[in-house]
Structures are given as C-alpha cells and as structure tokens.
Ligand SMILES: [Zn+2]
C-alpha cells in the first residue's frame, strides 16, 4: 500500500470512529431519566429536602427541584424512589481491591505474591470492585496493589471502558517504602523476595519511583512512612519509621509537579512527624496523632483518613505481645479520632477494605465513626463532598446537584437517625446508568 493510500485509509477510519463517537455522545445527551426522591441528602452540608425531582441527562444531573412544582420532561423514564432516602454515590478513600482479607490459615498475605498468577488476582479484584459498587460506593481511592504492579490501572481502564462494572477508581499503583519497610519479610536473607511495595533508598531512588508510577498511570502516590509496630517499655505504641524527610520531600515535590497528591500511611511517632514535615497530603490510619501534630495538620490543610474498623478484626490473644499491640492500636485510634474531629481536622471516610474481606459491609465504618462521637451528617459528608475536595472533583462527585455525575444511591430509612441503614443500599446508579434497580 502506498503511503498516500495508507494515510487516506487511516483518515477515513478515524473519521468513521469520530462520527460514531459523536452519535453515541448525542444519544447519551438525549437519554433523560428522572428520579422521584422521597428525601434527598445532597452531600453538601445542607438539611435534607423532601419530595425532590432529580432530572438526569446522559451521565450528569441536569436539575434538582421540588416535585410539586417541577414537571417531568417529555420522554423521560421515571424511577420512583418516593418512599426512599436518596444520596450521592459514596466515596471510600482507602481501599485495596487486590487484597481479600487474607486468612492466616490460608497462607495470609504472602501467598498473594508467592502463589497466585496476576490474572487470578486481577479476577478477584474485579469482584472486589463490583462488591463496592453494589454497596453504593461509586468512587474508590484504591491505595496500592500489594505486589500486583500496575494491575489497578488495568482494572480502572476496564471499568471506564464499560467491560466490567465498578466504581470510579483513583489508583496508587505500587506504593513506595524503604529497605526493611515492607513484606515479604522473615525469609532466609539469601533469598531475594518480592515486595508488596516499590522499595527505595535515598531521594534519587524515591523520586525515580514516583516518576515511574506517575508515568504508568498513578492518580495518587502512596508512601509507607511507618512499618512495624509494637508495645514499648512504658506500654506505649511504637512504630518503625521508614522514609526520611528528604526522601519524602523528593516524592512530594515530583508528585505535586504532576498536579497529583501523596497519601502517607503513618501510625504515629517519628514516621508520622516526618510525613507532616515532608508535606504529605493525607495521613492514612493515623492511629495516634499528638495535639501538636493535629495542629500542624490543621495549619497545613492535611487530610486525615482514619480506618477504625479494620483495627477491630483479628486481634491476637489478650496476653500475647501481638494481642496487646492489637488492642492498643484500636484504643489509641479511637482517642485520636475523637480529638481530630473536635479540632476540625478534614476527615475522610476510609476502610482499608481488602484488609477486611470484601464480603463484609463497607459501611460498617460509618457505624464506628458515629459510635466514636461523629454526627451521622458529618459521617456522610466524610464519604461525599469532603473527599470530592481531596480528590479534586468538587461539584463532580459526592453531591447530587446540577452538573455533577449522576452517581446516586438510595436507602429505605433515614441514615441521619440510624447510620447503619447505609449497610443496606437498595438502589445504585453510576454515571447515569442504573446498576442496581
Ligand atoms: Zn491500606
């Protein structure tokens, strides 16, 4: 084929493709759906509104108005949720779709990396993503694949391409820690074991790892600032710091240059302080944060993603070192959560699902948050408009308002009275399409 002919074939093909896209887009914008909402909690810090009409065109909310005065557009299909409470699709800011709540009796964490082909892990991640969507979580910030490389980028592309159902994903790919700072560990030193995160030492390697991950599709960079934890001589929780401030600063500088953000796993102590001094954007877990550190977070605008529920699973026996550590983690986490909430730290809802089996309800974390003194309204904000701000998607996700993506869920009772109702999401729409009728 001559170059000229080949070029014209390419041009014709690309014209056909773009014409198809244009007509698909036109079909999208013509599709009109109306939801009658008995009560609407819109995701903003506003009181619920009753008897609302939500008009959806294509994949976006077009209008929200009082059903008594608004009329239903001609040709619209109507979804009757007039007996239900309607909310924006929920956001979990800390998940691991490539983990499955590893059972120690079945080999625990290590078998993921040692025994399973990546295709097996990807297949299970597909199920995890579907489970999240079924439960009304229409956006996940998934904070690393635990040895499954860039698998999260592929799952995200498959969801966005419409091949598999799942939430909107913001992915962190491989995550970063240091030598001695991540499993697999405890094997003979002669063995070169695979690791669940990318290992770096020194600011040059740290920056290079961030560049690689960003280049391969990371939406966020995830860094482990602490690793092992144990009970110290005075009964205190101690955690081993990993990256230095210089190493973290290299990562943060690189990532911010790409207009992206850095999530820092940090339990307490030196590592958590380095996370704050190095300019991390969100503290993950943050089991024990001092008053001075809380003040620094407020000053710097650092997000706090506590993960309460996961620290109440799989405690060791009470009188063992592990059992004491497990109980200590849970107790300091509760106390920190209460102080951080009182100090108005920007708290987002996170679960560490994957650390918890995906068969369990994601919304159990709401019950913990409210149990530890947060109002139900504030807990809902932590999974709607507040993480939308952290994820640079204000007005697009986490609200039901004109211009937002039509990510909409419904429950059959009032979550402001009983937050546990969010464990039973009856209706899920994502991107204007009904997933759970
Ligand atoms: Zn995690």
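Assessment of region 244-259 against the conditions (within 16 Å of the ligand (Cβ to nearest atom) and without any contact (Cβ under 8 Å) to a residue 60 or more places away in the chain) yields no matching residue. Residues of region 191-203 that are touching a residue at least 40 places away in the same chain (Cβ under 8 Å) and in contact with a helix residue (DSSP H, G or I) (Cβ under 7 Å, 6 or more places away or on another chain): 194, 196, 200, 202, 203. The single residue among 392, 322 that is away from the ligand (no atom under 16 Å from the Cβ) and assigned to a helix (DSSP H, G or I) turns out to be 322. Among the residues of region 156-165, not a single one is closer than 26 Å to residue 198 by Cβ, modelled with pLDDT of 95 or more and within 16 Å of the ligand (Cβ to nearest atom). Can you confirm whether region 100-119 contains a residue that is out of contact with any helix residue (DSSP H, G or I) (no Cβ under 9 Å at 6 or more places or on another chain) and crowded, with 23+ Cβ neighbours inside 10 Å? No, region 100-119 has no match at all.
Just so you know, in region 133-168 the residues that are closer than 24 Å to residue 421 by Cβ and free of Cβ contacts under 8 Å to residues at least 60 places away in the same chain include one that is surrounded by the most Cβ atoms within 10 Å (Cβ to Cβ), and it is 140. Only one entry in 129, 206, 188, 210 is touching a residue at least 12 places away in the same chain (Cβ under 8 Å) and within 26 Å of residue 114 (Cβ to Cβ), namely 129. Just one residue in the set 80, 92, 84 is modelled with pLDDT of 95 or more, closer than 24 Å to residue 134 by Cα, outside any loop (DSSP other than H, G, I, E, B) and within 16 Å of the ligand (Cβ to nearest atom); that residue is 92. Being within 16 Å of the ligand (Cβ to nearest atom) and surrounded by 14 or more Cβ atoms within 10 Å (Cβ to Cβ) is a condition met by no residue of region 199-215.
Condition check ((1) surrounded by fewer than 24 Cβ atoms within 10 Å (Cβ to Cβ); (2) without any contact (Cβ under 8 Å) to a residue 60 or more places away in the chain; (3) more than 16 Å from the ligand (Cβ to nearest atom)) across all residues:
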{"site": "262", "(1), (2), (3)": "no, yes, no"}
{"site": "284", "(1), (2), (3)": "no, no, no"}
{"site": "312", "(1), (2), (3)": "yes, yes, no"}
{"site": "316", "(1), (2), (3)": "yes, yes, yes"}
{"site": "329", "(1), (2), (3)": "yes, no, no"}
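Residues in region 104-135 that are within 16 Å of the ligand (Cβ to nearest atom) and in a loop (DSSP other than H, G, I, E, B): 108, 109. The number of residues in region 345-377 being within 19 Å of residue 272 (Cα to Cα) and over 15 Å from the mean Cα position of the chain (by Cα) comes to 2.
Residues 75, 101: which one is touching a residue at least 24 places away in the same chain (Cβ under 8 Å), assigned to a loop (DSSP other than H, G, I, E, B) and away from the ligand (no atom under 16 Å from the Cβ)? Just one listed residue meets the conditions, 75. Scanning region 334-349 for residues that are more than 26 Å from residue 136 (Cα to Cα) and within 16 Å of the ligand (Cβ to nearest atom) turns up nothing. Set side by side, the residues 145, 139 differ, and just one is in contact with a helix residue (DSSP H, G or I) (Cβ under 8 Å, 6 or more places away or on another chain), within 27 Å of residue 391 (Cβ to Cβ) and within 16 Å of the ligand (Cβ to nearest atom), which is 145. When region 264-280 is filtered for residues that are closer than 22 Å to residue 170 by Cα and within 16 Å of the ligand (Cβ to nearest atom), the ones remaining, listed by number, are 264, 265, 266, 275, 280. On the stretch given as region 350-371, residues that are assigned to a loop (DSSP other than H, G, I, E, B), touching a helix residue (DSSP H, G or I) at 6+ places or on another chain (Cβ under 6 Å) and within 14 Å of the ligand (Cβ to nearest atom) total 4.
The values are calculated or read from the model by the stated rules, or taken from the named source; none is laboratory data. Values in this document were obtained by computation on a predicted structure and should not be read as measured data. Cβ coordinates were reconstructed from backbone atoms using ideal geometry, including for glycine residues, and neighbour counts include every protein chain displayed.
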